[in-house]
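Below is one structure, written out as structure tokens; comments come after it.
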Amino acid sequence: MRRVLLVAGAAAMLMACGGGGGGRPNFGDNEYPVETVTAQSADLQSSYPATINGIQDVEIRPKTSGFLTQICVTEGQAVSAGQLLFVIDNETYQAQVRQAQAAVNTAQSQVNTAKLTFENSKQLHENKVVGDYELQTAENTYLSAQAQLAQAQAALASAKEALSFCYVKSPAKGVVGTLPFKKGALVSASNVLTHVADISQMEIYFSLTEKDMLTLAKGENGLRGAIDAFPPVKLQLADGTIYGHDGKVVAISGVIDQATGSVQLKAHFPNPEHLLKSGGSGAIIIPRSASEAIVIPQSVVMEVQNKKFVYLLTDSNRVAYTEITVDPQHDGNNYIVTGGLKVGDKYVTNGITKLSDQMEIVPITPQRYQEKIDEQARSMTAGDIVNAMKK
């Protein structure tokens, strides 16, 4: 049993030494494992920084100036449309309403008196007691009183509206944001008292490059068709986890940002648990697939000054230090090669740090390479393993 464990440990150690980033087992015959490039389907994903907003995010500002006398909500509280949020000192406005109401009452009394006078004058005029002048004068007085009443009523309506401005209500259903002002603070229309955000559904904004946008626009049905055909997108949260609901891209801006050369897109995400908050950030993940992709392990690639290289096997069994280009999006384990390799090429998979350009090797299959590692592990003693681990 102990012998089996030692062999397994030795094999693991030799494999680690034979990886792309390390050396290789000392086979003594210049043998290196070689893999042939094939095409295969690959699932890819692209990630784009994103900002999170509620489907409706409203700034709450007062329409009048004054001291806050009541704050009727708390931060994070859910409110309905029309619910009272703040009260501003309104004694002056209440006095103006009472004054305007009194003016309406006076004007109404004048109208009543003028009406009686006019109706009496009509009867007297019919009985030939007063002339046309007296009748016309009474009618004019009545009409003037009605006009004064309308004017007083308009002033009352204006005073009531000014008073209503002291009662700041929510224009929409949503969740209350921060409350920067406390009771007693002097506020005006320039101050944002809070935000009310409807977070039952969230709007996620992200940007694509102008090149990507042109690719979408050249599709069969243009941008509108591209939006309709857009696959469901995912949202990666600030803590790195993936949000539990997929989103749908609903709009693409028709304007290119000259500063960044990008186009903004908007996606809608449901938010039944209210996990997403307005003002948050994350990353939109867009899945895509490639049917004839060349996929190679990252462990076989050497990176020098942001350039990537592999060792290709030539017909003369020499290795060529070859630059490749890869898709910037990857899964952390493999690269999708976009240039520098073609189907049928052969590349070295292990021990690449021991190679140099045009070095002659003996190519073997990865399976034979593993067999030789196992054989060497079985031939090692416990002391050999301990000494190798100390190196």
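Observations on the structure shown:
- Segment 367-385, residues that are exposed (fewer than 12 other Cβ atoms within 10 Å of the Cβ) and modelled with pLDDT under 55: GLY383
- Subset of segment 170-194 (residues that are closer than 15 Å to GLY76 by Cα and open to solvent by 70 Å² or more (accessible area, probe 1.4 Å)): LYS173, THR178, PRO180
- Flag: THR141 does not match the condition of being among the β-branched types (Val, Ile, Thr) and open to solvent by 80 Å² or more (accessible area, probe 1.4 Å).
- Qualifying residue in segment 272-282 (condition: open to solvent by 20 Å² or more (accessible area, probe 1.4 Å), under 29 Å from ILE352 (Cβ atoms) and in a loop (DSSP other than H, G, I, E, B)): no
- Exclusive hit being touching a residue at least 60 places away in the same chain (Cβ under 8 Å) and either under 26 Å from GLU91 (Cα atoms) or of a type outside the set (Asp, Glu) (or both), set LYS115, LYS122, LYS128, LYS182: LYS182
- Residue list for segment 301-313, filter: among the hydrophobic types (A, V, I, L, M, F, W, C) and either surrounded by 15 or more Cβ atoms within 10 Å (Cβ to Cβ) or in contact with a helix residue (DSSP H, G or I) (Cβ under 6 Å, 6 or more places away or on another chain) (or both): VAL301, MET302, PHE309, VAL310, LEU312, LEU313
- Subset of segment 314-330 (residues that are part of a loop (DSSP other than H, G, I, E, B) and either out of contact with any helix residue (DSSP H, G or I) (no Cβ under 9 Å at 6 or more places or on another chain) or closer than 20 Å to VAL34 by Cβ (or both)): THR314, ASP315, SER316, ASN317, ASP327, PRO328, GLN329
- When segment 246-266 is filtered for residues that are in a loop (DSSP other than H, G, I, E, B) and of a type outside the set (D, E, K, R), the ones remaining, listed by number, are SER253, GLY254, VAL255, ILE256, GLN258, ALA259, THR260, GLY261.
- Among the residues of segment 70-117, those that are of a type in the set (A, V, I, L, M, F, W, C), surrounded by 14 or more Cβ atoms within 10 Å (Cβ to Cβ) and closer than 20 Å to ALA152 by Cα comprise VAL97, ALA100, ALA103, VAL104, ALA107, VAL111, ALA114.
- Subset of segment 118-138 (residues that are open to solvent by 60 Å² or more (accessible area, probe 1.4 Å) and not β-branched (Val, Ile, Thr)): GLU119, ASN120, LYS122, GLN123, GLU126, ASN127, LYS128, ASP132, TYR133, GLU134, GLN136
- Scanning segment 158-169 for residues that are open to solvent by 30 Å² or more (accessible area, probe 1.4 Å) and either within 21 Å of the chain's Cα centre (by Cα) or within 26 Å of GLY280 (Cβ to Cβ) (or both) turns up nothing.
- Out of THR353, THR338, sole residue that is open to solvent by 50 Å² or more (accessible area, probe 1.4 Å), over 25 Å from ALA293 (Cα atoms) and in contact (Cβ under 8 Å) with a residue 12 or more places away in the chain: THR353
- Hey, LYS211 at pLDDT 90 or above and open to solvent by 60 Å² or more (accessible area, probe 1.4 Å) or not: no
- Residues of segment 147-192 that are polar (S, T, N, Q) and touching a helix residue (DSSP H, G or I) at 6+ places or on another chain (Cβ under 7 Å): GLN148, GLN153.
The values are calculated or read from the model by the stated rules, or taken from the named source; none is laboratory data. Owing to the predicted nature of the structure, the values given are computational and were not obtained by experimental measurement. Virtual Cβ from ideal backbone geometry, glycine too; neighbours counted across all protein chains shown. Areas reflect the complete protein model, heavy atoms only, side chains present, ligands, DNA and RNA absent. Shrake-Rupley method; radii C 1.70, N 1.55, O 1.52, S 1.80 Å.
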